[in-house]
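The values are calculated or read from the model by the stated rules, or taken from the named source; none is laboratory data. The structure presented is a predicted model; accordingly, all values stated were derived computationally and were not measured. Please note: Cβ atoms are built from the backbone with ideal geometry, for glycine as well, and neighbour counts cover all protein chains shown. Heads up: the accessible areas ignore ligands, DNA and RNA and are worked out on the full protein's heavy atoms, side chains in. Shrake-Rupley method; radii C 1.70, N 1.55, O 1.52, S 1.80 Å.
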Amino acid sequence: MAYVNVRTTATLRDRFTALLATVQDYRARNTVYRQTVRELNMLTDRELGDLGINRLSIERIAHDAAFGK
């Protein structure tokens, strides 16, 4: 049997690219979080009640929407 070991070392450029992608992903998710909180806070208590949401759970709901459970 023959085995091939391919070992690649991440270059500084690869690491920087991965870091940049992580930061961009976090910023996009954070934008979704803030927008969700803003939009839910604009609703009246009655509208929130119709959706089955109370004001205390807005931040949790927004976090779940942006970052997942």
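For the chain, the solvent-accessible area works out to 92 Å² per residue, with a probe of 1.4 Å and every protein chain left in place. Counting only protein heavy atoms and a probe of 1.4 Å, the accessible surface of the chain is 55% carbon and sulfur.
Sites listed here are chymotrypsin sites (Phe, Trp or Tyr not before Pro) in the chain whose DSSP assignment is loop and whose Cβ has at most 10 other Cβ atoms within 10 Å: TYR3.
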